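One structure is given here, and the rest of the page talks about it.
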Amino acid sequence: MALTHSKLSFPPAFAWGYAAAAPQIEGASSLHGKGPSIWDAFAARPGTIHGGDDLSVACDHYNLYAEDFALMRELGARHYRLSVAWPRIYPMGDGAVNYAGLDYYDRLIDSLLAEGITPWVTLFHWDLPDALEGQHGGWRSRRIPELFGRYADTVVKTLGDRVKNWITINETVCFTRLAYGGHDKAPGANEPAGVVNQTFHHALLAHGQGVRAVREHGGPGARVGITDNPAVLVPVTETPADIAAARETFAWANERVLGAIHRGGYAPALLEADGRDAPRWQPGDFDLISAPTDFLGLNIYTGAWVQAGPDGRPRTLSYPPAYPRADSPWLYHVPQSLYWGPRFCAELYRPASIYITENGAGYDDPPPVDGEVHDLHRRDLVRNYLRELHRAIHDGVPVDGYFLWSFMDNFEWQDGYARRFGAVYCDFRTQRRTPKLTARWYREVMWANALV
Ligand code: GBH
């Protein structure tokens, strides 16, 4: 009996790489003219971040980027998603440009290209210049997307000759609802729904400004999209009734960002549900917000289970206590989220192309032993998710790339440095990098362009 070993191959030219973000890895939070971000200010408030950690040193990537990119190349990545720190470019958010900040990213991009790695640049990954929070109330104000547009112009003009892949903003819900409507993400403002819904609208405007900046200054071949973290709803059984229930729940849950952008306005049902808390907009806003993009970026880590209830209406189930999850308590293992998330987006919004701009797992890994970290649990999680992504592509969902979060352990926001998402272990005291088993395995995946 001749057994075969079937190969789960990805399409030719599939983009494989790593993702990270400036505030989580760079450190140097006040070096060479950088202004404080709202996260620097937030971390300075006692009790906000696990262990009292802050962003001042992080992985010291500000100084170590060349070594980091050499390691990234050695580990087989050909694409890297990074972000630019707005307060490095405009320390006050507004006012004069800080040329030292621009020079830094100039050198960083050159160093990346010298290693043969293609940059994907996110213009905003939550680090709003703190001066804009103080002066204007941050994302509560319409002034912020205007100033973001000016910042985007500056960055795209400077890097656009070498950077061709642009992401406007990262995960709207995290820097609007969680940040202004809650307490654990900066600025932690605990505002009521009306204020929060308005921060969403301003974030959508910033996305539109980012698209405009890339169209105006990006040069030949420039592409732009948003990265969103949709709530992903997964059918309990892959039967028509449960699939329809999950799709309906998905569309409603993501109406405020992905729905509004692709529809070119707020759905009447959403405005009705918001009532007096509905966002206000001005004529022309949606021309900017819904300008066509080149791809949709999705950050997907988890999902929730939906089925058609006894009355035929969708119902979302809660996770039983024994349900498996990562050390990040919100990160329930739902590999099928990487099937249904991209698929529902393709069906509802019809993007030309989808990239998984983040996926991964947060665990409290112990330090290396004899230079090795055997994170078999992370490898298994990623592989299970990738099998489902492979299935989505096989079924016709236009997914063109995947970025593992993250290249190395870093500042995990309110969880500080305890919670590790890296493929590479970072010793934050010595700044020594140690590739984990996941990084070695992922290198083979990228090399083979197939699951190994
Ligand atoms: C992404 O966010 C970020 O882009 C990245 O910076 C981050 O480091 C990475 O993923 C890992 O966390 O309100 O308690 O139910 C992750 C998406 C969405 C995860 C909000 C936590 C809230 C959990 N986050 N979610 S809770």
Report summary line: For the range 188-271, the Cα convex hull volume per residue in Å³ comes to 151
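Would you mind computing the Rg to Rh ratio of the range 252-375 from its alpha-carbon coordinates, Kirkwood style for Rh?
On the way: Rg = 19.1 Å, Rh = 17.8 Å.
The Rg/Rh ratio comes out at 1.07.
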Report task. Please compute P(r) over all alpha-carbon pairs of the range 236-278, binned at 5 Å starting from zero, and give each bin as a whole-number percent. Result -> 5, 22, 23, 19, 13, 12, 4, 2
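For the chain, what is the percent of antiparallel DSSP beta bridges, rounded to the nearest 5? The partial results should precede the final answer.
Numbers: 13 of 49 bridges.
Roughly 25 percent of the DSSP beta bridges within the chain come out antiparallel.
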Query raised in the report: Percent of accessible area on the chain owned by carbon and sulfur, 1.4 Å probe?
Result: 53
Requested in this report: Using only the Cα atoms of the range 31-86, construct the convex hull and provide its projected area averaged over every direction, in square nanometres to one decimal.
Outcome: 5.1
Query raised in the report: Measuring from the lowest to the highest alpha carbon on each principal axis, how far does the range 165-205 reach, largest first, in angstroms?
Result: 35, 19, 11
Report summary line: Relative to the compact-globule estimate 2.2 N^0.38 Å (N residues), the Cα gyration radius of the range 301-452 stands at a ratio of 1.15
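Determine Rg/Rh for the range 142-192; Rg is computed over alpha-carbon atoms and Rh is the Kirkwood hydrodynamic estimate from the same atoms.
Numbers: Rg = 14.3 Å, Rh = 12.7 Å.
My calculation puts Rg/Rh at 1.13.
Please state, as a whole number in µm²/s, the translational diffusion coefficient that the Stokes-Einstein equation yields for the range 327-376 at 4 °C and 1.567 mPa s, with Rh defined as the Kirkwood radius across alpha carbon pairs. Kindly include the intermediate steps, with their values, before the conclusion.
Numbers: Rh = 13.8 Å.
The diffusion coefficient I find is 94 µm²/s.
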Query - Cleavage-rule hits, trypsin sites (Lys or Arg not before Pro), the range 223-296, DSSP coil, Cβ neighbours within 10 Å at most 16 - result: Arg280
Requested in this report: Tell me the label-point distance for the pair Arg387, Ala267, using the 7 Å Cα-to-Cβ offset, in nm and rounded to one decimal.
Outcome: 3.3
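Looking at the calculated P(r) for the range 1-136, what percent of the C-alpha pair distances fall above 22 Å?
Beyond 22 Å sits 45 percent of the P(r) for the range 1-136.
What do you get for trypsin sites (Lys or Arg not before Pro) in the range 338-444 restricted to DSSP loop and a cutoff of at most 11 other Cβ within 10 Å of the site's Cβ? Before the final figure, lay out the partial values.
Working: sites: Arg343, Arg378, Arg379, Arg383, Arg387, Arg391, Arg419, Arg420, Arg429, Arg432, Arg433, Lys436, Arg440, Arg443; in loops: Arg419, Arg429, Lys436.
Here the trypsin sites (Lys or Arg not before Pro) that fit, given the DSSP loop and packing criteria, are Arg429.
Using only alpha-carbon positions, what ratio does the radius of gyration of the range 358-418 give when scaled by 2.2 N^0.38 Å? All intermediate terms of the calculation are to be shown ahead of the outcome.
On the way: Rg = 14.4 Å, N = 61, 2.2 N^0.38 = 10.5 Å.
Ratio of Cα Rg to 2.2 N^0.38 Å: 1.38.
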Report summary line: Fraction of alpha-carbon pairs in the range 1-55 farther than 18 Å apart, rounded to whole percent, equals 59
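Over the Cα atoms of the range 402-452, Rg to Rh with Kirkwood Rh, two decimal places? Walk me through the numbers on the way to the answer.
On the way: Rg = 12.3 Å, Rh = 11.7 Å.
When Rh is taken as the Kirkwood radius, the ratio is 1.05.
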Query raised in the report: What's the tally of Lys pairs in the chain whose alpha-carbon atoms lie under 29 angstrom apart, where the two lysines are 8 or more places apart or on different chains?
Result: 5
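Given a 1.4 Å probe, how much area per residue of the chain is accessible, in Å²? Spell out each step's value before the answer.
Values: 17580 Å² over 452 residues.
Per residue, the chain has 39 Å² of solvent-accessible surface.
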Query raised in the report: Over the chain, with a single point scatterer placed on each C-alpha, what log10 of the ratio I(q)/I(0) does the Debye formula yield at q = 0.05, 0.09, 0.14 1/Å?
Result: -0.16, -0.55, -1.48
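Once every DSSP H run of n ≥ 4 in the chain is given -39500 (n - 2.57) and the sum is divided by its residues, what mean residue ellipticity at 222 nm do you get, rounded to the nearest 500 deg cm²/dmol?
Numbers: 17 runs with 175 residues, N = 452.
Helices in the chain give a 222 nm mean residue ellipticity of -11500 deg cm²/dmol.
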Query - Spatial extent of the range 235-324: Rg and Dmax, with the Cα atoms as the point set, Å - result: 16.4, 50
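The values are calculated or read from the model by the stated rules, or taken from the named source; none is laboratory data. Remember, it's a predicted structure, so these values are computed and weren't measured experimentally. Cβ coordinates were reconstructed from backbone atoms using ideal geometry, including for glycine residues, and neighbour counts include every protein chain displayed. Ligands, DNA and RNA are stripped out before the accessible areas are found, and what is left, the full protein with its side chains, is counted by its heavy atoms. Shrake-Rupley method; radii C 1.70, N 1.55, O 1.52, S 1.80 Å.
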